[in-house]
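Here's the structure, in structure tokens; my notes come after.
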Amino acid sequence: QECDKDAIRTILPDLFEWLQDSNWPISIEISDILLQFNSELVPFIRDILNSEDGLWKCSILSLLFDKLSLRDKLELVPDLQRLSTYPTLDDKDAGIDEITMEILERLI
């Protein structure tokens with residue numbers, strides 16, 4: 001099992017690309033694989049939340065965020081606050097400001 005995780009660890013960035021659209025049939029299976037990596041996901045999620053891709057942010061928040069540990073969720077709070085307060089036009093179109101506000105209300 002650990003050998004498999006080591007092999008998967010090398011392709012984590014590639015797996016995240018399969019979550020660019022939560023409507024892709026494989027996205028749920030990929031998210032299940034990713035969730036095995038717990039706190040290791042936070043830097044990747046942060047990079048996506050700082051990207052210009054509102055749909056990808058929406059997908060990550062819907063597929064992964066609620067399944068993260070409380071500690072990992074809290075680590076991402078500053079990113080969520082920024083998105084809810086200063087969304088880009090693409091973020092607004094994807095509803096990221098509303099999604100992040102709802103998440104923050106549940107967390108805080």
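The values are calculated or read from the model by the stated rules, or taken from the named source; none is laboratory data. Because the structure is predicted, anything quoted here is derived from the model rather than measured. Cβ sites come from the backbone with ideal geometry, for glycine too, and all protein chains shown count toward neighbours. Heads up: the accessible areas ignore ligands, DNA and RNA and are worked out on the full protein's heavy atoms, side chains in. Shrake-Rupley method; radii C 1.70, N 1.55, O 1.52, S 1.80 Å.
Just the residues that are open to solvent by less than 70 Å² (accessible area, probe 1.4 Å) and out of contact with any Ser or Thr (no Cβ under 7 Å at 6 or more places or on another chain), please, taken from segment 12-25.
Scanning segment 12-25 gives 12, 13, 15, 16.
Please go through segment 31-46 and pick out each residue that is touching a helix residue (DSSP H, G or I) at 6+ places or on another chain (Cβ under 8 Å) and either over 27 Å from residue 81 (Cβ atoms) or open to solvent by 50 Å² or more (accessible area, probe 1.4 Å) (or both).
Across segment 31-46, the qualifying residues are 33, 36, 38, 40, 44, 46.
Can you tell me which residue among 104, 61 is surrounded by 13 or more Cβ atoms within 10 Å (Cβ to Cβ), within 10 Å of the chain's Cα centre (by Cα) and of a type in the set (A, V, I, L, M)?
That would be 61, the only listed residue that is surrounded by 13 or more Cβ atoms within 10 Å (Cβ to Cβ), within 10 Å of the chain's Cα centre (by Cα) and of a type in the set (A, V, I, L, M).
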